[in-house]
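Here the structure is laid out as structure tokens; the discussion comes afterwards.
The values are calculated or read from the model by the stated rules, or taken from the named source; none is laboratory data. Small disclaimer: the values here were computed from a predicted structure and weren't measured. Neighbour counts are summed over all protein chains in view; Cβ atoms, including those assigned to glycine, are modelled from backbone coordinates with ideal geometry. Heavy atoms of the whole protein, side chains included, go into the accessibility calculation; ligands, DNA and RNA do not. Shrake-Rupley method; radii C 1.70, N 1.55, O 1.52, S 1.80 Å.
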Amino acid sequence: MTASGGLTSGAGDGAGEAVVAGVAEEFRALYGARPEGVWAAPGRVNLIGEYTDFNDGFVLPLALPHTAVAAVSRRADGLLRLHSRDVPGGIVRLDVDALRPGAVPGWAAYPAGVLWALREAGHPVRGADVHLASTVPTGAGLSSSAALEVVLAAALDELYGLGLGRPDLARLAQRAENAFVGVPCGVMDQMASACAVAGHALFLDTRDLSYRQVPFDLAAHGLALLVADTRVKHALGDGAYAERRAGCEAGARALGVRTLRDVPDVQLPETLGRLSDETVRRYVRHVVTDNERVRRVMALLDAGEPASVGEVLVAGHASLRDDLRVSCPELDLAVAAAVGAGALGARMTGGGFGGSAVVLVAADEAEKVADAVRVAFASAGYREPRVFGAVPSAGARRVG
Ligand code: ADP
Ligand code: MG
């Protein structure tokens, strides 16, 4: 798969036949029987709407071609066996009845948390054998964790005939990550992984989880979307998320609204004038204007003008950098280098302090822009970034 001029998607085979067959074959070698089925769920990149999801706001993510692929069979004996091709170490064996939040260390907490969340919700899931592999880069802000959770939720839903809807699966996966693993993430990542449709971005209202598929056919408009993974993760990130969240809640309280979602974009200067705390004022401005940017991007995509999205991305980056202050030198450089080399727009995506930037570019300029980002990083003495093309891809699905 290429974005243009041989720029790879970086997804390897994604959930292609070879990967599916490989995962199924490895399952058989590990557990001595063929899996009952194989499922795939993608990572995601957020086009616009950052730090809005815990404010009941809007987000516009899209699924990546990169996926987690899981081969799964049921077990009736209360045992959960987990194995990942991508993690050294053998099979992790867990007693389903003994699953408790915080009790499972390491990567196995993500899939174990999904089984726990299903059982907590009253679903009769008695055990499973799981083997998985993923092409979603970990820790790059592309939601390898959500891909892992959602692929298992989709598999168990189908194998146990639970009949859950896509948003239900996403909520359960989020609950696994929040309550079982202990990561306070919003629901965007899991919703994108569960609900995305190829060729579309997913407009999501995080207040009620209503969503809409927004056409985003890059190729038809001669465009490409690049993801530039800076491959850095500054330690600052964890505390900063909680601090931004608390600041947004303080802002909502001070303005007498339930959440910042309820602050209208009109008369924003007057609204901000009612806030005495300078930091809170900046956070509120970011959230209110980013919600508006999501609506603007959605309107542009609906109108068939995706190229015009670029300038909104640039404004979104400035807001994250200057108002929310969650960017970092590497992300700022990726955006500046991309735009300087002719990209239509770019912004950091995800929680910030490292991770990835998303770049909108004319397809025939993609290679040049990707090179410019690499050259800028080399000149700055930074680690070589991973730059790849991303096409809006499908959400969770059965693949074997
Ligand atoms: P992100 O979701 O942005 O990639 P997170 O820190 O939220 O980063 O999640 C990454 C974690 O998810 C990894 O540290 C690991 O525990 C788990 N994980 C992701 N992919 C895999 C995989 N292929 N096999 C096992 N664990 C994985
Ligand atoms: Mg994650």
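Would you work out the relative contact order for the stretch 220-347, in percent, from Cα pairs under 8 angstrom that are 6 or more residues apart?
Relative contact order comes out at 23 percent.
When the helix-only estimate is applied to the chain (DSSP H runs of n ≥ 4, each -39,500 (n - 2.57), divided by the residue count), what is the mean residue ellipticity at 222 nm, nearest 500 deg cm²/dmol?
It comes out at -12000 deg cm²/dmol, rounded to the nearest 500.
Mind pulling the angle between the C-alpha long axis of helix 17-31 and the longest principal axis of the chain? Nearest 10 degrees, somewhere in 0 to 90.
Long axis of 17-31 versus the principal axis of the chain: about 40 degrees.
Using a simple charge model, +1 on the beta-carbon of Lys and Arg, -1 on the beta-carbon of Asp and Glu, nothing else, what dipole does the stretch 218-389 show about its Cα centre, in debye to the nearest 20?
460
What are the ³J(HN,Hα) couplings of the stretch 153-159, residue after residue, when phi is run through the Karplus curve with 6.51, -1.76, 1.60 and θ = phi - 60°? Round to Hz, x for glycine and proline.
4, 5, 5, 5, 4, 6, 4
Considering the dipole of the stretch 218-389 built from charges on the beta carbon (Lys and Arg +1, Asp and Glu -1) around the Cα centre, which of 344, 224, 357 is farthest to its positive end?
Comparing the listed Cα positions along the dipole, 357 ranks first.
State the percentage of accessible surface on the stretch 11-214 attributable to carbon and sulfur atoms; use a 1.4 Å probe and exclude ligands, DNA and RNA.
The value for the stretch 11-214 is 49 percent carbon and sulfur by accessible area.
Leaving ligands, DNA and RNA out of it, report the carbon-plus-sulfur percent of the accessible area of the stretch 218-389 at a 1.4 Å probe.
Ligands and nucleic acids excluded, carbon and sulfur reach 52 percent.
Under 5 Å between amide hydrogens, which residues at least 5 positions from residue 183 or on another chain qualify, with H placed 1.01 Å from N in the peptide plane?
So residue 183 has HN proximity to 178.
Using 7 Å Cα-to-Cβ label points, what is the residue 325/residue 276 separation (nm, one decimal)?
In this crude label model, residue 325 to residue 276 measures out at 2.0 nm.
For residue 84, list long-range residues whose amide hydrogen, built 1.01 Å from N in the peptide plane, is under 5 Å from its own amide hydrogen.
HN-HN under 5 Å from residue 84: 132.
Counting heavy atoms of the protein chains only and a 1.4 Å probe, report the per residue accessible area for the chain as a whole number of Å².
38
Each label point is 7 Å from the Cα along the Cα-to-Cβ direction; what then is the distance between the points at residue 386 and residue 268, in nm?
My value for the distance between the label points is 3.4 nm.
In whole Hz and in residue order, list the ³J(HN,Hα) couplings for the stretch 320-333 that follow from phi through the Karplus curve 6.51 cos²θ - 1.76 cosθ + 1.60, θ = phi - 60°; x for Gly and Pro.
For the stretch 320-333, the Karplus curve yields 5, 6, 9, 8, 7, 6, 10, 7, 7, x, 5, 5, 4, 5 Hz.
Please list, in chain and number order, the residues 5+ apart from residue 400 or on another chain whose amide H is under 5 Å from its amide H, with Hs placed from the backbone.
Excluding prolines and chain starts, which carry no amide H, the hits are 38.
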